[in-house]
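J.: Would you mind keeping the following structure in view while I ask a few things?
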Amino acid sequence: MKFCYSDESGLGVEPYLIMAGVIVDAQRMHVTKDDWTDLLSILSKVTERTIHEFHTRDFYAGNGPWRGMTGPHRAEVIDAIFKWWAERRHGVTFTAIDKAEHALRLADGALLAGCETPWRTAALHLILSIQKQHQREERNKGHTVLFFDREPKEEAPLTALVAKPPGWTDEYYSRGKKQAQLDQIVDVPFFGDSKEVLLVQVADLIAYVLRRYVEIQEGRIVGQYRGEDDRLSRWVKVIAERCMPAAARWPAKGLTDADRMFQGLAPASLRAIGRDK
């Protein structure tokens, strides 16, 4: 059995919403959780404050409990977290929504059923990419349990979509005649506070880094400091090495209507990640 821990970055005024899901084999999950708890303990000692949760937005900008930590020191911590994650060989998938493009398509009635909000569109795409990839794996050790950070307005709609997926989702992963819908997904998603579901905090870091990277690559923002682009590119390279093949998210051929919609909503610089797999 596998567990996918998901979080998003960009629900505010940012041009893109990025959602990432960290995929962990059940037999290794407890070790990862223990290690992450130890990391939070170390950060608490460094800041001389009790750190219960790693909010990447605050950490990256040096706000809140991180105000006394220098930029280079914070970058070293992120380096260490990515090294820690990569060494455990956890997988990841992700998606991106251009929020302005989503609004235009929504107004034109050009979005498929269930994709009425950027968050819901991203979550559904994330789930479908997991379904599509895992049903292909010959040594798949079991189905996937989904965990999301709390998002009260979206929890009931997403649960309903997973319980009874719209018909168009079948085509996305080439559902067989005798195949149950979303047969790689265990039941409906679970939602929890990231303070308690620690691996959601890792997904938060990945989503944040991807969003900063895409915003700079697409010319939507200017870097906060010299060398930010290079540093983000280095972290994205680590993500690319552990991510699902791009074909599970944004295939290059044999496109369905859903593929065209998801690709039309995603920035080109992110669609390229994992293309060589």
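J.: How many residues are surrounded by 14 or more Cβ atoms within 10 Å (Cβ to Cβ), more than 19 Å from Y208 (Cα to Cα) and among the hydrophobic types (A, V, I, L, M, F, W, C) when one looks only at region 247-277?
T.: 6
J.: Say whether the condition of being assigned to a strand (DSSP E or B) and under 18 Å from I221 (Cβ atoms) is met by at least one residue in region 67-82. Let's see the steps before the verdict.
T.: Here is the first cut: in region 67-82, the ones assigned to a strand (DSSP E or B) are none.
No: region 67-82 contains no residue that is assigned to a strand (DSSP E or B) and under 18 Å from I221 (Cβ atoms).
J.: For E87, indicate whether it is at pLDDT 95 or above and of a type in the set (D, E).
T.: Numbers: at pLDDT 95 or above: no; of a type in the set (D, E): yes.
For E87, the condition - at pLDDT 95 or above and of a type in the set (D, E) - is not met.
J.: Hey, among R211, R231, which residue is within 19 Å of D58 (Cβ to Cβ) and touching a strand residue (DSSP E or B) at 6+ places or on another chain (Cβ under 7 Å)? Break it down stepwise before answering.
T.: Values: R231 fails: touching a strand residue (DSSP E or B) at 6+ places or on another chain (Cβ under 7 Å).
Going through R211, R231 in turn, just one is within 19 Å of D58 (Cβ to Cβ) and touching a strand residue (DSSP E or B) at 6+ places or on another chain (Cβ under 7 Å): R211.
J.: Condition (residue is assigned to a helix (DSSP H, G or I), surrounded by 15 or more Cβ atoms within 10 Å (Cβ to Cβ) and not β-branched (V, I, T)) applied to region 8-30: is it met by at least one residue? Step through it out loud before you land on a result.
T.: Going residue by residue through region 8-30, those that are assigned to a helix (DSSP H, G or I) are 26-30.
After this cut, where a residue has to be surrounded by 15 or more Cβ atoms within 10 Å (Cβ to Cβ) as well, the list is 29.
If we keep only those that are not β-branched (V, I, T) too, we end up with 29.
Yes: one or more hits.
J.: Tell me the helices (runs of 4 or more DSSP H) entirely within region 184-277 that contain at least 1 residues that are touching a Pro at 6+ places or on another chain (Cβ under 7 Å).
T.: 199-217, 257-265
J.: Please give the number of the condition E241 fails out of (1) charged (D, E, K, R); (2) within 24 Å of R88 (Cα to Cα); (3) in contact with an Asp or Glu (Cβ under 9 Å, 6 or more places away or on another chain); (4) exposed (fewer than 14 other Cβ atoms within 10 Å of the Cβ).
T.: The failed condition is (3).
J.: Something else now. Among I185, I206, which is on the phi < 0 side of the Ramachandran plot, modelled with pLDDT of 95 or more and in contact with a Leu (Cβ under 7 Å, 6 or more places away or on another chain)? Outline the logic, then answer.
T.: Working: I206 fails: in contact with a Leu (Cβ under 7 Å, 6 or more places away or on another chain).
Only one candidate qualifies: I185.
J.: Right, here's the next one. Please return the ranges of helices (runs of 4 or more DSSP H) entirely within region 101-173 where 1 or more residues are under 21 Å from the mean Cα position of the chain (by Cα) and of a type in the set (D, E, K, R).
T.: Values: elements: 118-134, 152-163, 168-172.
Of the helices (runs of 4 or more DSSP H) lying wholly inside region 101-173, those with at least 1 residues that are under 21 Å from the mean Cα position of the chain (by Cα) and of a type in the set (D, E, K, R) span 118-134, 152-163.
The values are calculated or read from the model by the stated rules, or taken from the named source; none is laboratory data. As the structure is a computational prediction, the values presented were derived from the model and not from experiment. Glycine also receives a Cβ, built like all others from the backbone with ideal geometry; neighbour counts cover every protein chain displayed.
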